[in-house]
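For reference, the structure is listed below as C-alpha cells.
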Amino acid sequence: MAGLNFYVVFCAFAAVLGSIQCGYHIGELNTPKDVISCKSQPNTDHYYSGEYSLPDCIPMNDAQFGLVTSIFTLGALLGSLLSLRVADDKGRRWTLLANNLFLGISPLIMGFARNYFTLVVGRALVGIGCGVVTVVVPMYLAEISPIEYRGAIGTMNQLGIVAGILLAQIEGLYLSNVPGWRLILLSVSVISLVQIIFLGLSVESPRYLISKPGGIHSAKRTLQKLRGSLDIENELGGWNQIASDDDTSRLMPEENVSRNNTDDTNPVISSSSPSVVFHARNHHDDFSVWQFLTSPYYRAPLKVLLLVQFTQQFSGINAVMYYSTTILSKVLPSSSGLITVYINVVNFFMTIVSAYLMDKTGRRTLLLCSIGLMSIASALLGLSIINDFGFLSAFSIILYVATFAIGLGPIPFLIIPEIVDTHAAATAGSIGVSLNWTTNFVVGFLFLSLNNMFGGYVFYVFSIYLFVAFLLSERLVPETKAKTVEEIWSGWTGRVI
C-alpha cells in the first residue's frame, strides 16, 4: 500500500493505546458493580493480612456508586479543556506521554483503594487523562496519516475505545469477585506502561512541527520516517503552508475574510467565497477558544463539529446500552451474563467495517447512513418496548449499535482535525470534545428520570432528534475524504443555517 508503511501504523497504535485505556475505564465498573459496593458479597474481612490490609469491598449506595461512575465524565471534561494549551505548546506526542501520569497512576489509586473517597479521586484523575486522549489522539492520527488512509487510521481511535470496553467486560466475566475486582482496576496500568515505551519510539506530528518557528527541517525528517522511501515534497506542498526557518511560521487565517463577506446570509465558504488564505503571524500569539468561536472564518467548521459531537451523545446510544441487558435477557435468558459482551462484539466488528469503508465511501456518506438508520432503529426500539415485542427489540438494539459503529461512533472525533487547519486543531478539538463530555453527562443524568416518566416513548424523542440531525448533516457536513482543509471548504456549497 503506497504511502502506508509499518512505522505509520506503529506510531498510530502507540497513540491508540490511550484510547484502549479510556475504553477500558468506561467499561471497568459495569460487571463488578455489586461486588465492589458490597452488595453481592458483603464482607468486612480483609484478604491481605498485616498493616496494609485491604477491605474485600467498599460499601456504597446507588447514589454514591453513581458519583464514582459520573465523576469520570466531569474529569474528562476538565482534561479536554486542559489539553488545548499543552498540545499546542508541547506537541501531540509529548502530551500523550505526559498524560500517562494520569492514566498510569490512577489505576493504582483505584486498585488499592481502602475507602470511597480514594475511589472517587482515582476515577476523577483517570477521567482527566481520558479527556486529554479524546482531544489529542484524533489530532495525532490525522496529522501523521497519508491523506488517502486518513479515514482508516483515524477510525483506530474509536476502535481502540470499543476494544477497551470489550476487554474490561471480558475481564469482568471472570474477575467479578473478591479480590478479582481489584485486579480489574489495576491491570490496565500495564497498557499505560506499554504506551510510554511505544511513544518513546514514535515521532512528533510533522504537521505540528511545521507550524512552529524553525520547524521545517525537523518536520521534513519526521515526515520522511513516516513515509519511508516515498517522495514527500508533494505532500509538504499540499499542506496549508510550509513554514520557513524564521519567526513567521505560525499560521493564522486571513483576518480580512470576514470583511470580504459582508452579507451575513452568505454561504459559508463556497466555491465563490475566498479560499483558505493564510498570513504569517508571530508565533507568540495564541489562538484562543474565543477567537475560534467568534471568527467568521471558522463559522462553518464550528457548526459541523458542534452538530456531530452533540448528535453522538444525544443519539440515545448510551440509553440503548442501558436497556440492552434488560431487553436481551428476555430473548436470550440462558446467556444473560454475556449480553453486554455480545453487544460490544457487534460494536467492535462494525467499527472495523467502518475503518474499511471510511476511505472508500467517505465520511459524509457513512455519517448520513448512520444517523438515518439510527433514527429508524430508535423508532422501532420504542415501538417494541411499548408493545413488549422481544425479538423486534433485539433486532433494533443490534441495528442501533451496528449503525452507530459505522458512522456516528468514529466520525465526530475523526472529522475535527480534518475540517480545520493545523494550528486551530487543538482549539477545535477541545471545544468539540468538551461539548461531547458535557452532553454525555447531561444525557446520563437525565435519562433515568425520562425513562421513569415516559418508558419506551423516550426513544421516539431520540428518533425525532436523529431525523432532524440527518437533515442538518445533509446540509452542513462536507465530504473530507482525501482532501486538504482548503479543498474541503473551497468546493463546498452548503449553507450555514
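The values are calculated or read from the model by the stated rules, or taken from the named source; none is laboratory data. Because the structure is predicted, anything quoted here is derived from the model rather than measured. When we count neighbours, we look across all protein chains shown, and the Cβ atoms used for this are built from the backbone with ideal geometry, even at glycine.
Structure summary
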quantity	calculated
Output for the stretch 369-395, where each listed residue is buried (at least 18 other Cβ atoms within 10 Å of the Cβ), under 14 Å from Ser315 (Cβ atoms) and not polar (S, T, N, Q)	Ile371, Gly372, Leu373, Met374, Ala377, Ala379, Leu381, Gly382
Of residues in the stretch 269-290 being under 26 Å from Ile411 (Cβ atoms) and in contact with a strand residue (DSSP E or B) (Cβ under 9 Å, 6 or more places away or on another chain), the one modelled with the highest pLDDT	Phe287
Search result, residues across the stretch 80-96 that are buried (at least 18 other Cβ atoms within 10 Å of the Cβ), touching a residue at least 60 places away in the same chain (Cβ under 8 Å) and closer than 20 Å to Gln195 by Cα	Ser80, Ser83, Ala87, Gly91, Arg92, Arg93, Leu96
Any hit, the stretch 423-437, residues being surrounded by fewer than 24 Cβ atoms within 10 Å (Cβ to Cβ), touching a Lys or Arg at 6+ places or on another chain (Cβ under 6 Å), within 30 Å of Pro206 (Cα to Cα) and of a type in the set (Ser, Thr, Tyr)	no
Residue within the stretch 368-376 that is within 19 Å of the chain's Cα centre (by Cα) and polar (S, T, N, Q) present	yes
Criterion violated by Ser202 - all others in (1) within 18 Å of Arg150 (Cβ to Cβ); (2) in contact with a helix residue (DSSP H, G or I) (Cβ under 9 Å, 6 or more places away or on another chain); (3) among the small types (Gly, Ala, Ser); (4) modelled with pLDDT under 90 satisfied	(4)
Complete set of residues in the stretch 68-77 that are farther than 16 Å from Ser19 by Cβ and surrounded by 18 or more Cβ atoms within 10 Å (Cβ to Cβ)	Val68, Ile71, Thr73, Leu74, Gly75, Leu77
One residue from Ile196, Ile161, Ile170 being crowded, with 22+ Cβ neighbours inside 10 Å, under 23 Å from the mean Cα position of the chain (by Cα) and part of a helix (DSSP H, G or I)	Ile161
Tyr356 vs. criteria aromatic (Phe, Trp, Tyr), buried (at least 24 other Cβ atoms within 10 Å of the Cβ) and over 14 Å from the mean Cα position of the chain (by Cα)	no
Members of the stretch 406-451 found to be in a helix (DSSP H, G or I), at pLDDT 80 or above and farther than 30 Å from Leu381 by Cβ, listed by number	Pro417, Glu418, Ile419, Ala424, Ala425, Ala426, Thr427, Ala428, Gly429, Ser430, Ile431
